[in-house]
1. Exactly one condition in (1) farther than 30 Å from Gly218 by Cβ; (2) at pLDDT 95 or above is not met by Leu85; state its number.
2. Looking at (1) under 26 Å from the mean Cα position of the chain (by Cα); (2) assigned to a helix (DSSP H, G or I); (3) modelled with pLDDT of 85 or more, find the lone condition where Ile233 falls short.
3. Report whether or not Tyr159 is surrounded by fewer than 24 Cβ atoms within 10 Å (Cβ to Cβ), under 18 Å from the mean Cα position of the chain (by Cα) and not polar (S, T, N, Q).
4. Among the residues of segment 201-245, which ones are aromatic (Phe, Trp, Tyr) and exposed (fewer than 14 other Cβ atoms within 10 Å of the Cβ)?
5. Testing Leu380 on (1) modelled with pLDDT under 95; (2) aliphatic (A, V, I, L, M); (3) within 24 Å of Phe280 (Cβ to Cβ); (4) within 16 Å of the chain's Cα centre (by Cα), one condition comes back false. Which one is that?
6. Being in contact with a helix residue (DSSP H, G or I) (Cβ under 7 Å, 6 or more places away or on another chain) and of a type in the set (Gly, Ala, Ser) is the filter here, so list the residues in segment 445-468 that pass it.
Amino acid sequence: MGPDIPLTQKKNHDKTQHIKNGIFPSKDVENDDNFNPFAERVVENPTTDGDTLTHLLKASLGTGILQMPSAFRCLGWGMGLTMTLVVAFVCTYCAYILVKSAHVLYFKTKKTSMSFGDVAQTALETGPAPFRKYGLLLRWIIDICLFIAYFLTCSAYAYIIAKNIKEICNGLQYSASFSENFNIYLLAILLVPIIIFSYIPDLKYLAPFSMMANVLMGIALIAIFGWLGGGLIKNGIHSRVQFIGNIQLLPNETNSTAFNSTNSPIIYKESSWILELPKFLYITIFAIEAIGVIMPLENKMKTPQNFVGPLGVLSKGMGIVTMIYIALGLTGYLWDPTVTSDLVTSDIKIEIIDLSNLMTFVAYIVRSSVALAVFFTFTLQFFVCLETAWRCVKLILPKAGTKENYILRTILVIAAVIIPMGVKQLGALVGLIGAVCFSILGLLVPAIIESATYWKGDKHRVLRTIKNVIIAIVSILVLIFGSIEAIKEFSK
């Protein structure tokens, strides 16, 4: 630790450091020399860098990781690994420019914190004159996309819970008329418990369940890695593994025959990885993207300037997340590239319950842990949808109170649980979330925000504009082709 610095000197000292780090806006922006948003920020129970890193890992290591083997099967292990690194870098970079832009806007507006919507609206309203009138519109687009993303995520969670419960019941040999009806699991088993949990009035009461969800997901991931690793040690790398390429199953056409991990004959043909790239992108973007939690995490930090930078909290967190995602995706692919399950948990087959069989026991542990972890996480994600929807209700019905709030909760839960009834593959929901929402929120919007924030007096305007136009084009391409692929999934 260095010597104590008097408050006024400390502010100037901090200001010098921020200028060196490029956080301050250009000289032609009027600023109060004595204003330092980081020193002025007052947060009740601020989080340390370590706390923020932990929260970022919790937010990023969601159920999307269970689809990474499916993503790798789209491209092959070599191209899958490379493209996962590319997607992770782009998503992390866009989160980085969002926070850097927010820091610049703090000085412009003399504010100490902003939400995602605040940053977008302020960037346009203080940016190029022709775009200032669109600030509020961009804010509404962000709120709508956040609602849709998290609402459909809740639907995806309902699907995952029901599918795991269904497979457990199949293994326990319940009656076929019950166990084969997927919708029964959604309506008869899930609906009432989820509604009850959605009535919890405040997020602070969900803290124990959040911790429980993290522990259960950790247990599930350890069991999954153990299962896949054990299979690789016992049987070796699957013979149909490809560095670049995709295997498609064809029910009516025989090109050659292979055997999957359960020795069941399958019919397949090799196809171009280019055709499967949109599916890979929306799965990976859905899995890795955490743009919705970036500004809330930054706003709670004791030292928000440490969130960005080459060795900042964001870089460390996303680096760890990327390695874990690659590890599971690669391991699952090398174990068996020919299966067609949307979730890695479905690849771990369970037979009639026999707890004396270690592998069967592990399979039940995986499904039970995932089902419970996702159940508890559902409520946490649901609160994001609820807050956004409730703000809209209050605009329409200013006198709406507790009764209307609980009616809204009930309607949202019922809708979120009913949607998966018409979905045969999780990829359809993930496609809509990743392609439509996160491509806009995670790629396009940060590019717009950075361009508007740095527009006035920017010495690198041309290069910055070219770079952000490229990001915008990639976002639009993911939106178009990912949506087409998602529609195809719904039609299957």
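The values are calculated or read from the model by the stated rules, or taken from the named source; none is laboratory data. Small disclaimer: the values here were computed from a predicted structure and weren't measured. Quick reminder, even Gly has a Cβ in these numbers, built from the backbone with ideal geometry, and neighbours come from all protein chains shown.
1. Leu85 satisfies every listed condition except (1).
2. Result: Ile233 fails condition (1) only.
3. no
4. Of everything in segment 201-245, those that are aromatic (Phe, Trp, Tyr) and exposed (fewer than 14 other Cβ atoms within 10 Å of the Cβ) turn out to be Tyr205, Phe243.
5. It fails just one condition, (3).
6. Passing the criteria: Ala447, Ser451, Ala452.
Table: residues versus (1) acidic (Asp, Glu); (2) surrounded by fewer than 20 Cβ atoms within 10 Å (Cβ to Cβ); (3) modelled with pLDDT under 85.
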position: Asp33; (1), (2), (3): yes, yes, yes
position: Arg41; (1), (2), (3): no, yes, no
position: Asn45; (1), (2), (3): no, yes, yes
position: Gly50; (1), (2), (3): no, yes, no
